[in-house]
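Following: one structure in structure tokens, then a few remarks.
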Amino acid sequence: MRSKLNYLLIILLLLNLGCGSEEKQAKESIQFGRKDAPSNTEESKTSSKLASETIDLSNNGIGPITTITLDKIDDALVKEGEVIHETMCAACHRTDKKFIGPPFKDILKRRTPEWVMNMTLNPVEMVKKDPLAKALFEEYDGSLMANQNLSEDQARAVLEYMRSL
């Protein structure tokens, strides 16, 4: 009896997920931060460069980091940053290809080190207030970077790891 009830609930859930008006689905997708647009519109055919490909070396982002001086790559920081990447970042970021979030390799050719650290330390406020972070949020289908609560020293180590790639 219980297994029949479970099967019935699963079937009802699947039917509910598959049904619904396009208007309702559109409202729900916007509500959760996604802006799904039909692919055949003129706007999508003439869309500009992706945020992940945009080069902006003047924006330092929003957060505690206002200036960073980069010297020779520090191998000890690289090793620390690699460990942090593997434990905290690798679920969403690959080093050399797009995944849930942007790749780490060559990020400093497109962003300032201050912007990268502020995004690492302050992702929620960055997505709310920084135009580039907002555009990345939209490009990556509303995937908000999780705040890993890294210290500034840990974020600096991750930055050093990114520099080494």
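Numerical summary
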{"quantity": "Failed item in (1) over 9 Å from the mean Cα position of the chain (by Cα); (2) modelled with pLDDT under 90, with R111 passing the rest", "calculated": "(2)"}
{"quantity": "Criterion violated by I62 - all others in (1) in a loop (DSSP other than H, G, I, E, B); (2) open to solvent by less than 40 Å² (accessible area, probe 1.4 Å); (3) of a type in the set (V, I, T) satisfied", "calculated": "(2)"}
{"quantity": "Tally of residues being part of a loop (DSSP other than H, G, I, E, B) and either polar (S, T, N, Q) or in contact with a strand residue (DSSP E or B) (Cβ under 8 Å, 6 or more places away or on another chain) (or both) across the stretch 117-165", "calculated": "6"}
{"quantity": "Close pairs (6 angstrom Cβ cut-off, 6 or more residues apart or separate chains): modelled with pLDDT of 60 or more in the stretch 43-62, part of a loop (DSSP other than H, G, I, E, B) anywhere", "calculated": "S52/P102; I55/R110; L57/T112; N60/T112; G61/D130; I62/D130"}
{"quantity": "Hey, N149 out of contact with any Leu (no Cβ under 7 Å at 6 or more places or on another chain) and open to solvent by 60 Å² or more (accessible area, probe 1.4 Å) or not", "calculated": "yes"}
{"quantity": "Tally of residues being open to solvent by less than 20 Å² (accessible area, probe 1.4 Å) and acidic (D, E) across the stretch 115-146", "calculated": "1"}
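The values are calculated or read from the model by the stated rules, or taken from the named source; none is laboratory data. Everything quoted here is computed from the prediction, not taken from an experiment. Glycine also receives a Cβ, built like all others from the backbone with ideal geometry; neighbour counts cover every protein chain displayed. Side chains are part of the model used for accessible areas, which takes the heavy atoms of the whole protein and leaves out ligands, DNA and RNA. Shrake-Rupley method; radii C 1.70, N 1.55, O 1.52, S 1.80 Å.
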